[in-house]
């Protein structure tokens, strides 16, 4: 949606109060998952289309208040529907609510509520999952267990507990029936993405739907998540600025995951960071370098860095550097080494402004457009990375994204993308989330300087 004039001073509703009263149990069944979401999306799309017509007729300034009201109401409608549906629909809102770089405050503030404030399922519903999975009573399995969840999200909720040896742990428990809900949601998202492709030509959500199809089974398998956390921890063992919770395997299964408890500050809680003596821009520096290391050096990365999964650990000594705590490794990606090398070559070519090298790299990585030409690939490379690198900014803000979207709209209408490598979709997702966090943290990171140590010597020399 467009970037609009500043909203009026009218106070936003208080969605936190509204969400408390919403049902915690999602609709169950294919049609009950499909119909309400389809109606919500279709109705918002029709209203947005009508608003765009009125903006062209009456002018942007005259329609500023109506535009503000639309975005405010749309954000609330999306959150209400997501909370009712839960499942993968929550994950979509988590992503959008992290994009402070491109979305207006109405969306960021309201959609971000679903990072960890989904209405919790009752203890009576969740306790049997723990006991059935672990084969014993909660009172025997743990020395202490608080039945009040500390977080509730898309696929599970998290409790705080203590082991018999005194270790403080977090216990992640999968919602009953969530595997079927994820299966139905994948079908719904696939259908809506194909319908969208018939109505809109600028953005094609079908590759994203296909990537979700590939990754969703791993996200509801907590054994996979625990192993992924250990893999990432090993690859980052040389760093002293990241904390990944250890997994306690005797108390972990496909549906229950027991891990060390991280006592940190939510990464977007900037006032709390400052109160703890932590410089938010230093946190942004560490975060960017951490993901450069994971993606470009190791080819294995946490692919869901929304604010609910990132914590800032207080420095051990006053004035020390804060550490980043990473949780929730359900969406973790390992890319083939050849693809990682191509990504480095592509990044170097974009930096060096070499259109032919951008074209050949993207071709080898699996990008395909309707017409095979250098100009389209070069424009894609600039939108992917070049614009923000050459802007002198640490992140892509709303104005930049509006300009990129307008330019890319013209390019892709003339020569649409027909195939995008799935690995790039996840990397672009991570870049988008990090860009949104960069704005929230007032990042001053020089992205070019941050990237250069991770590019191969030959490509670096060519730039």
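I'm told residue 286 meets every condition in (1) part of a helix (DSSP H, G or I); (2) surrounded by fewer than 21 Cβ atoms within 10 Å (Cβ to Cβ); (3) in contact with a helix residue (DSSP H, G or I) (Cβ under 8 Å, 6 or more places away or on another chain) except one. Can you identify the failing condition by its number?
Of the numbered conditions (1) part of a helix (DSSP H, G or I); (2) surrounded by fewer than 21 Cβ atoms within 10 Å (Cβ to Cβ); (3) in contact with a helix residue (DSSP H, G or I) (Cβ under 8 Å, 6 or more places away or on another chain), the odd one out for residue 286 is (3).
Report yes if residue 243 is at pLDDT 95 or above and either surrounded by fewer than 21 Cβ atoms within 10 Å (Cβ to Cβ) or out of contact with any helix residue (DSSP H, G or I) (no Cβ under 8 Å at 6 or more places or on another chain) (or both), otherwise no.
Against the criterion (at pLDDT 95 or above and either surrounded by fewer than 21 Cβ atoms within 10 Å (Cβ to Cβ) or out of contact with any helix residue (DSSP H, G or I) (no Cβ under 8 Å at 6 or more places or on another chain) (or both)), residue 243 qualifies.
For the range 142-181, give me each residue that is touching a helix residue (DSSP H, G or I) at 6+ places or on another chain (Cβ under 7 Å) and assigned to a loop (DSSP other than H, G, I, E, B).
The answer is 147, 153, 154, 155, 176.
From the set of residues in the range 239-256 that are outside any loop (DSSP other than H, G, I, E, B) and under 21 Å from the mean Cα position of the chain (by Cα), which is farthest from residue 286 (Cα to Cα)?
243
State whether one or more residues within the range 418-429 are at pLDDT 75 or above and over 26 Å from residue 339 (Cα atoms).
No, the range 418-429 contains no residue that is at pLDDT 75 or above and over 26 Å from residue 339 (Cα atoms).
Got a number for residues in the range 396-411 being crowded, with 19+ Cβ neighbours inside 10 Å and at pLDDT 75 or above?
1
Please go through the range 265-282 and pick out each residue that is part of a helix (DSSP H, G or I) and either over 12 Å from residue 437 (Cβ atoms) or touching a helix residue (DSSP H, G or I) at 6+ places or on another chain (Cβ under 7 Å) (or both).
270, 271, 272, 273, 274, 275, 280, 282
In the range 128-161, what count of residues is obtained for those that are within 20 Å of residue 247 (Cα to Cα), surrounded by fewer than 16 Cβ atoms within 10 Å (Cβ to Cβ) and within 30 Å of the chain's Cα centre (by Cα)?
Here the count works out to 2.
Evaluate the range 337-349: report whether one residue or more is assigned by TED's automatic domain parsing to the domain that holds residue 432, loosely packed, with under 15 Cβ neighbours inside 10 Å and assigned to a helix (DSSP H, G or I).
Checking the range 337-349: at least one residue is assigned by TED's automatic domain parsing to the domain that holds residue 432, loosely packed, with under 15 Cβ neighbours inside 10 Å and assigned to a helix (DSSP H, G or I).
Quick one: residue 320 ticks every box in (1) more than 19 Å from residue 238 (Cα to Cα); (2) modelled with pLDDT under 95 bar one, so which box is it?
So the condition that residue 320 fails would be (1).
Only helices (runs of 4 or more DSSP H) wholly contained in the range 22-134 count here; list those with 3 or more residues that are closer than 23 Å to residue 327 by Cα and at pLDDT 85 or above.
Helices (runs of 4 or more DSSP H) meeting the threshold: 123-134.
What pairs come out if I take residues in the range 186-202 that are in the same structural domain as residue 88 (by TED's automatic domain parsing) and pair them with residues that are modelled with pLDDT under 90 whose C-beta lies under 8 Å away, six or more apart or interchain?
No pair meets every condition.
Condition test on residue 279, is it surrounded by fewer than 18 Cβ atoms within 10 Å (Cβ to Cβ) and over 30 Å from residue 220 (Cα atoms)?
Criteria met by residue 279.
The values are calculated or read from the model by the stated rules, or taken from the named source; none is laboratory data. The shown structure was predicted, so the numbers you read here are calculated from the model rather than taken from an experiment. Here the Cβ is made from the backbone with ideal geometry for all residues, glycine too, and neighbour counts use every protein chain on show.
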